[in-house]
1. What are the ³J(HN,Hα) values, in whole Hz, obtained from phi via the Karplus relation 6.51 cos²θ - 1.76 cosθ + 1.60 with θ = phi - 60°, for each residue of the stretch A:71-77 in sequence order, with x given for Gly and Pro?
2. Please give the direction-averaged projected area of the C-alpha convex hull for the stretch B:9-116, in square nanometres with one decimal.
3. Using unit Cβ charges (K, R positive; D, E negative) and no other charged atoms, how large, in debye to the nearest 20, is the dipole of the stretch A:140-228 about its Cα centre?
4. Chain A: D in µm²/s via Stokes-Einstein (Kirkwood Rh, Cα pairs, 37 °C, 0.692 mPa s)?
5. From the helices alone, meaning DSSP H stretches of at least four residues, give me the mean residue ellipticity at 222 nm for chain A, per-run term -39500 (n - 2.57), in deg cm²/dmol to the nearest 500.
6. Among C:109-116, B:69-76, A:31-38, B:45-52, how do they line up by average Cβ neighbours within 10 Å per residue, starting with the highest?
7. So how tilted is helix B:92-116 from the main axis of chain B? Cα-based, degrees 0 to 90, rounded to 10.
8. Starting at the first residue of the stretch B:3-11, write each ³J(HN,Hα) from the Karplus equation 6.51 cos²θ - 1.76 cosθ + 1.60 with θ = phi - 60°, in whole Hz, x for Gly and Pro.
Amino acid sequence: MENAVDTVTLKVFRYRPETAPEPEYETFEVPYQEDWMVLDALNHVKDEMDGSLSYRWSCRMGVCGSCGMTVNGEPVLTCATYIEDLLPGPIRIDPLRGFPVIRDLVGDLGDFMAKLPRVKPWIIRKEEEPLDAGETLQTPEEVGAFRQYSMCINCMLCYAACPIYEMEPDFIGPAAIALAQRYNLDSRDHGADERMDVLSRKHGVWDCTFVGECSVVCPKDVDPAGAIQRYKVTATMDWFRSLLRPGRSG
Amino acid sequence: MALKPPREPLVWALFSAGGMVAALVLPALAGILWIAAPLGLLGPLDHEGLRLLAVHPVVRIGMGLLLPLFFFHWAHRFRHTLHDGLQLYHLSRFIALVTYGVALGLSLGALWILWSLG
Amino acid sequence: MRSREEGAATGPDRATTGSDRAPPPAEAGTRGGEIPQELHAMGDRGAPPVQENPRHTRYHPKWHRQPTPLTWWTRNRRYRAFILRELTSVAVLYAAVLLLIHLLALDRGPESHAAFQAWLARPGVVAFHLFVLAALLYHTVTWLNLAPQAIALRIRGRRVPSRIVLLAHHFAWLALSAIIVAGLLFALGDPGEAPWP
């Protein structure tokens, strides 16, 4: 670049347990270009200034869901956040809230990975059909019933945005419930009863107080908050129905 | 402990129903009864007309339905406000018992008062 | 017992250290408690045995956890709006109790009702009730605005647009308010005969 470049200050959360027991902020003065994202600035730091900086990223186009971080206090995908929108800076970059930090900006997402299979996010059939029975067709309306919830990329921004998850880590959480709904609302699925055990038990949907922040930060408009509230309606009607039918406990 | 907080679907249903009716009727009631009327914006008050309205069976039955819903709406929401807002996770069960207990007591009191009116 | 690192570093040793491996020690004071491991993303059937490094507890002692501040709800504008919305429940409780007191005052006769009205007309009480009214209105607006997110209405398989659900709720609110205001004005402002049976 021939002309003088603009620079922006990054205040980056550093946690290096092998050298320092407590995290600290490190400041980098980064030259940036007009169309740079926050992730580009981090890559610049890693390539040109300090190769020891640790963070996750992959696709740079909002699909893989790995580059979620807290930028100026908001959980965002750093590959989809323009530096221009955060000027004049400094831009503070922290790891996602609610997850234990392994190093720098890398959190441990193992808790979510353990919770996800508990809601059985796969199609459950009462009985498997033979292959030669052909495809199970769905109308556009039937696909429309769950399509929104299938857009989740597991980026964990909704967990980072959720104060309940942060304080009550046993809460099964927004994305897991939205994914459960993705299958509950699928016309090919018969597993709603199996999922209900996890969802309407302690630390299922009832921990949620509809802060709504998960839906605000979701980069894919999944609306997990809406999914949870709708599930509360379903679970409540189910419970009242079970009162009317003796023999089945709620 | 013998006492157990009520089932979540039940209290959530009461909370939701209470929140909905509170949203729909309370601003109008509060605005007229406790702001416009005392300020004299509606002219002189007719005590007997208002009393007949208040003791009318429809109003009494309506109040008997609405007031408990309002109380349980408060109980459920305030329980979570205390519990999450102040991070009192160790008092979880105690808070639930107290808030729903207060709502139950107030509801029974309200029903008794409505029954003995007139 | 030999060091786990050593076992992991040398290939052939892995199988032998793997067989006598003790289960990872449960770490005291960590979040989460235990999560049942019987399920696997592959389904209930045929989950492959998980090769775990025994040195890795669920939360490594060196991992950093940031405590949540007690004032987490002041973090941003939306959290503040949320906590205010939740606190309107206190205004609902107050309004319900005051309705009951109002009924009692009416029932006890003209003097008691007049005294209650005099209390209602005191400037401080009016100011407080304006504040309560603001909270009740805030409850109404936030509640009705969130309704479309919680209600998925379908007509003939198609989702009713949330804007329609929203408008229907606000319309219902205005219509009910109009009925309540009209009914109360009728009862309050017309001395003499009560027009209902």
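The values are calculated or read from the model by the stated rules, or taken from the named source; none is laboratory data. These figures come from a predicted structure and were not determined experimentally. Positions of Cβ are generated from backbone atoms using ideal geometry, with glycine treated the same way; all protein chains shown enter the neighbour counts. The accessibility values were calculated without ligands, DNA or RNA, using every heavy atom of the protein model including side chains. Shrake-Rupley method; radii C 1.70, N 1.55, O 1.52, S 1.80 Å.
1. Result, rounded to whole Hz: 10, 6, x, 10, x, 9, 7.
2. Directional mean of the projected Cα hull area for the stretch B:9-116 stands at 8.4 nm².
3. Charge dipole, the stretch A:140-228, about its Cα centre: 120 debye, nearest 20.
4. 162
5. -8000 deg cm²/dmol
6. Sorting C:109-116, B:69-76, A:31-38, B:45-52 by mean packing, highest first, produces B:69-76, B:45-52, A:31-38, C:109-116.
7. With rounding to tens, the tilt is 30 degrees.
8. Each residue's phi maps through the Karplus curve to give 6, 10, x, x, 4, 4, x, 5, 5 Hz.
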